[in-house]
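The values are calculated or read from the model by the stated rules, or taken from the named source; none is laboratory data. Note that the structure is predicted; figures quoted are calculated from it, not measured. So basically every Cβ, Gly included, is an ideal-geometry build from the backbone, and we count neighbours across all protein chains shown.
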């Protein structure tokens, strides 16, 4: 049974500061979909995915995003 992986979304603002905007468990299918998407929506806003990092110490996937300025 797939328990998924904990994912943090980190928003990089125009000043270059990082802010955690979301934390939830993603299924492995959702993680695999990142190979095919450039944009995600969360909290009513659209974000461009920039890069990801697997933090082995915490067991979390961290995804860097920037807000596109458009709402879904």
Among 30, 10, 1, which is the only one that is modelled with pLDDT under 95 and surrounded by 12 or more Cβ atoms within 10 Å (Cβ to Cβ)? 30
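Which count do you get for residues in the range 33-45 that are assigned to a strand (DSSP E or B) and either within 10 Å of the chain's Cα centre (by Cα) or modelled with pLDDT of 95 or more (or both)? Lay out the reasoning, then the answer.
We begin by selecting, within the range 33-45, every residue assigned to a strand (DSSP E or B); these are 39-42, 45.
Now drop any that are not either within 10 Å of the chain's Cα centre (by Cα) or modelled with pLDDT of 95 or more (or both), which leaves 39-42.
Of the residues in that region, 4 qualify.
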Looking at the range 35-57, I want the residues that are at positive phi and have a partner that is surrounded by 12 or more Cβ atoms within 10 Å (Cβ to Cβ) and part of a strand (DSSP E or B) with Cβ atoms under 9 Å, at least 6 apart or on another chain. Which pairs are those? 43/21; 43/22
Here's a check for you: in the range 1-14, which residue that is in a loop (DSSP other than H, G, I, E, B) and under 19 Å from residue 45 (Cα atoms) is farthest from the chain's Cα centre (by Cα)? 14
